[in-house]
1. Using amide H atoms built 1.01 Å from N in the peptide plane, name the residues 5+ places from Ile99, or on other chains, whose amide H lies under 5 Å from its own.
2. For Glu336 and Glu241, compute 0.36 nm times the residue count separating them, minus their Cα-Cα distance, and round to one decimal in nm.
3. Give me Lys2, Lys26, Lys403 sorted ascending by neighbouring Cβ count inside 10 Å, so fewest comes first.
4. Simple spin-label model, 7 Å along Cα-to-Cβ: Lys416 to Tyr124 in nm?
5. Rounded to whole Hz and in sequence order, give me ³J(HN,Hα) for the stretch 282-291 from the Karplus expression 6.51 cos²θ - 1.76 cosθ + 1.60, θ = phi - 60°, writing x for Gly and Pro.
6. Cα-Cα pairs above 25 Å in the stretch 277-421: how many percent?
7. Looking at the stretch 34-263, what % of the alpha carbon pairs are farther apart than 29 Å?
8. Roughly speaking, what is the stretch gain from Ala43 to Gln87, that is 0.36 nm per residue apart minus the C-alpha to C-alpha distance, in nm to one decimal?
Amino acid sequence: MKAEMPCGERTVDLELPDSVNMLEMKPMKAVEDPAESVRAALAKPIGGPPLSELAAGRKNACVVISDFTRPVPNGIILPPLLETLEQSGIARENIIILIATGMHRPNLGEELESLVGADLVEKYTFVNHYCRRPETYRKIEEIEGSPIEINTQYLDADLKILTGLIEPHFYAGYSGGRKAILPGISSFETMKFMHSYKMIEHPMVTNCVLEGNPFHEYGIRVTRLAGADFILNVVINRDREIGGVFAGDFDAAHRAGCDMVYDHSAVRLNERADLVITSGGGYPLDATFYQISKALICAKDILEAGGAIVVACECREGLGSAEFSGILRSVCSPREFFDDYRLPENFVIDQWCAQNIYQALGHAGKVYVYSPGLEKDDLEKMGIEKVDDLQKTIGQLLDTHSKPVVVPDGPYVVGKVAEGG
């Protein structure tokens, strides 16, 4: 059996025995005419009026898009949306496209052009969200004593539109929808609340769960407060082709897309594996080790305690931000991390992904990483073994593990273990 493991923009091909259980996305047929499918969704949305009706009479608009870490087909979905706004009377110069960077770096220059296309960069105004610039956001509410602060340009827009991609998400249940606002265009102080140690530790903050998930429920609450007139979200297949377009009410349209993702990406297992071979999902998701926390959590959730995890990931930009790298280089064990960072006064940016990584390390007996972009010393500091020959390492592990699972697409596939499994 051959398993193609995405690693950056290429694949690492593995030869595995047929006894290995392969978890894959179910087949999803791409829509025949993506642009026309977007236009149809804008004209006949879910749970609300057509975008053309909403836009009529509005003075200006703010369209929120995801940053470079998400493979959103912006070049396909944005042109029909922007054309609709202009045809409805909103002048091009009165349309702002706001990049929901969350706490990531801004997308500028060639990176911005690769994100949306050079043609759109020339025609429209693009603005990056900066979560640590107080002059760019304002407070709209408090939740549990924490300020909810949202980008001012979005709040002041006459028409507010969210775009994005719906896929499994290890905190929000699913990406897309309300997540474009929280955390996409929220302040650092707001994200300290949403990404606190307590929040990430909550058992319902997990993949493919909405009901009872506080991360999702707070996102809905904040989106209602900030306002969202319309969303345009898509679902993509393994080849990153559009399989579904969901537009309209920010909650109803998003839930319809989540249902499609669950049917496509969730796979049932009768028992936990003792070896999980997975990937970071390929570029752009595996650009840094920061994002590999998603693959590790997905692996942990189907792994019996003390089992082994193997991850293939390029990590062309290394570990990630200076703050994230600093955490991983200063902590030696899961227990040390948990003792230090469970305290609110010790909160630092990016600790939540480090928390997930140490959760996986604490659960697994051993973690192996194949990554051209990561240094052996950095991995060993966390107790992770750097792999140079992926095929050889997996061959050795298969000799000592009887319940192996391979998940070529990493965090894009969510294993669900049967109760008692």
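1. Sorted by chain and number, the residues that satisfy this are Ile65, Val127, Asn128, His129.
2. Details: separation 95, 0.36 × 95 = 34.20 nm, distance 4.27 nm.
Computed gain between Glu336 and Glu241 is 29.9 nm.
3. Working: Lys2 9, Lys26 12, Lys403 17.
Ordered by Cβ neighbours within 10 Å, fewest first: Lys2, Lys26, Lys403.
4. Here the answer is 3.5 nm between the modelled labels.
5. Karplus-based 3J(HN,Hα) across the stretch 282-291 equals x, 6, x, 5, 9, 5, 9, 5, 3, 6 Hz.
6. On the way: 2440 of 10440 pairs.
Here the tail beyond 25 Å accounts for 23 percent of pairs.
7. Working: 5359 of 26335 pairs.
Beyond 29 Å sits 20 percent of the P(r) for the stretch 34-263.
8. Working: separation 44, 0.36 × 44 = 15.84 nm, distance 1.29 nm.
Roughly 14.5 nm would be gained on extension.
Rule-based calculations on the coordinates, nothing more; no lab input. None of the values given here were measured: they were computed from a predicted structure. With ideal geometry, Cβ positions are generated from the backbone for all residues, glycine too; neighbour counts draw on all protein chains shown.
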